Amino acid sequence: MPSSKEYLEFVLEKCSGLSARAMMGEYVLYYGGKVVGGIYDNRLLVKPTKSADLLIPNAPRELPYEGAKEMILVEDIENGELLKKLFETMCVELPEPKKKK
């Protein structure tokens, strides 16, 4: 089931600096030009980084789609401060995007 535009807009409103790109009915999320996660089946999933594990310990891990790597489920999507801090710390930790040739 594809994610709703309303869910995406709700998440984007909670965290300034976050952007999204539609991809096959779901949304890839970017912060600081880096992929930090996505919206899959109306769930906010982020990459499993050390900083994400520290900020939301014991968060469940779920598959965004069959055959993918597990990601961290962010359940408290109404907490804009948490989301901002989460994406800011993840952005520092994640590698720079590969340059296109």
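In this structure the amide hydrogen of residue 36, modeled in the peptide plane, comes within under 5 Å of the amide hydrogens of 29, 30, 31, none closer than 5 places in sequence on its chain.
The count of lysine pairs in the chain with alpha-carbon distances below 21 Å, taking only pairs 8 or more places apart or on different chains, stands at 24. Computed on the Cα trace of the chain, the radius of gyration divided by the Kirkwood hydrodynamic radius gives Rg/Rh = 0.93. Net charge dipole, the chain: roughly 700 debye, given to the nearest 20, about the Cα centre with Cβ charges of +1 for Lys and Arg and -1 for Asp and Glu. From the phi angles alone, apply the Karplus equation (6.51, -1.76, 1.60; θ = phi - 60°) to region 16-33 and give each ³J(HN,Hα) in whole Hz, x where the residue is Gly or Pro. Once rounded to whole Hz, the list reads 5, x, 8, 9, 9, 10, 5, 8, 6, x, 10, 9, 8, 9, 10, 9, x, x. Solvent-accessible area per residue in the chain equals 64 Å², computed with a 1.4 angstrom probe and all protein chains kept. 3J(HN,Hα) along region 39-50, derived from phi through the Karplus expression 6.51 cos²θ - 1.76 cosθ + 1.60 where θ = phi - 60°, amounts to 10, 10, 6, 6, 10, 8, 10, 10, 5, x, 10, 4 Hz, with x in place of Gly and Pro.
The spacing between region 53-69 and region 1-49, judged by their C-alpha centroids, is 14 Å.
The values are calculated or read from the model by the stated rules, or taken from the named source; none is laboratory data. In this text the structure is predicted, and so the values were computed from the model without any measurement. Here the Cβ is made from the backbone with ideal geometry for all residues, glycine too, and neighbour counts use every protein chain on show. Heavy atoms of the whole protein, side chains included, go into the accessibility calculation; ligands, DNA and RNA do not. Shrake-Rupley method; radii C 1.70, N 1.55, O 1.52, S 1.80 Å.
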